[in-house]
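Notes follow the structure.
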Amino acid sequence: MPRLLALTGSPSVHSRTAVVADHVLRRLSHAGFEASHLAVRDLPAADLLAARRDEPDIRRALEAVAAADGLVIATPVYKASYTGLLKAFLDLLPQDGLAGKTVLPLATGGSLAHVLTIDYALRPVLAALGARHVTAGRFVLDSSVERGNGPDRLLPEAELDLFQAVDEFADALRGLGAAALTAAP
């Protein structure tokens, strides 16, 4: 079964983006995928910004990306683009750091004015890093994420839309597994 990694680029400890990524991971885990979550904000900032790839935490994070068959890349929208925190991490990947991988891009934000962030800001970087297949991403409005009383949740309409993207991503990953099986001697 393909291994998945959710990579979130929010600097906030109480991140709506992480709530969305966790919903995605639960859905994928229930579908039988091995999934884990890496919040870039948890990496040592000095090592991240100084591009110290050999430092243990940074090295482990890069190895997790390399070992994953599929990535969920989730970011809040800041200044009409993905976060600088996510950019700092993506800059540490080798030029072909996403080669052979299937990627689901996700963004969260306060306004539909930023819905094209995935296609105009994030998708080109993922393609430049060699992603095999970047599936249709999703933008989730901040107002669709309910936090506070009880467990964090998504409004039903947002959850349905998100899960459609997740199911397409899972199908693409299963296709990757089938292709690998048919290519095996």
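The values are calculated or read from the model by the stated rules, or taken from the named source; none is laboratory data. No experiment lies behind these values; they were computed from the predicted model shown. Cβ atoms come from the backbone with ideal geometry, glycine included; neighbour counts cover every protein chain shown. For the accessible areas, the whole protein counts, side chains as well, though only heavy atoms, and no ligand, DNA or RNA atoms are used. Shrake-Rupley method; radii C 1.70, N 1.55, O 1.52, S 1.80 Å.
Table for the structure above
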{"item": "Spherically averaged projected area in nm², based on the convex hull that wraps the Cα atoms of segment 1-149", "result": "8.8 nm²"}
{"item": "Length added when fully stretched, residue 142-residue 79, from 0.36 nm per residue minus Cα-Cα", "result": "21.2 nm"}
{"item": "Length released on extending from residue 12 to residue 66, taking residue separation times 0.36 nm less the Cα-Cα span", "result": "16.9 nm"}
{"item": "Karplus-derived HN-Hα couplings along segment 126-134 (A = 6.51, B = -1.76, C = 1.60, θ = phi - 60°), whole Hz, x at Gly and Pro", "result": "5, 5, 5, 7, x, 3, 5, 8, 9"}
{"item": "Probe 1.4 Å, accessible area per residue of segment 85-139, Å²", "result": "40 Å²"}
{"item": "Estimated vicinal HN-Hα couplings, Hz - segment 88-93 in sequence order (Karplus 6.51, -1.76, 1.60; Gly, Pro = x)", "result": "4, 6, 4, 5, 7, 5"}
{"item": "Net charge of neighbours whose Cβ lies under 14 Å from the Cβ of residue 30, counting Lys and Arg as +1 and Asp and Glu as -1", "result": "-2"}
{"item": "5 angstrom amide H check on residue 73, placed H, neighbours 5+ away", "result": "7, 104, 106"}
{"item": "Full-stretch length increase - residue 57, residue 95 - with 0.36 nm per residue and alpha-carbon distance subtracted", "result": "11.6 nm"}
{"item": "Using θ = phi - 60° and Karplus 6.51 cos²θ - 1.76 cosθ + 1.60, couplings along segment 56-64 (whole Hz; Gly, Pro as x)", "result": "x, 5, 5, 4, 4, 5, 5, 5, 5"}
{"item": "Prolate/oblate/rounded call for segment 76-137, Cα gyration tensor, a/c under 1.5 rounded", "result": "oblate"}
{"item": "Cα centroid of segment 68-131 to Cα centroid of segment 134-171, whole Å", "result": "17 Å"}
{"item": "Sequence-distant residues sharing a close amide H with residue 34 (under 5 Å, placed H)", "result": "4"}
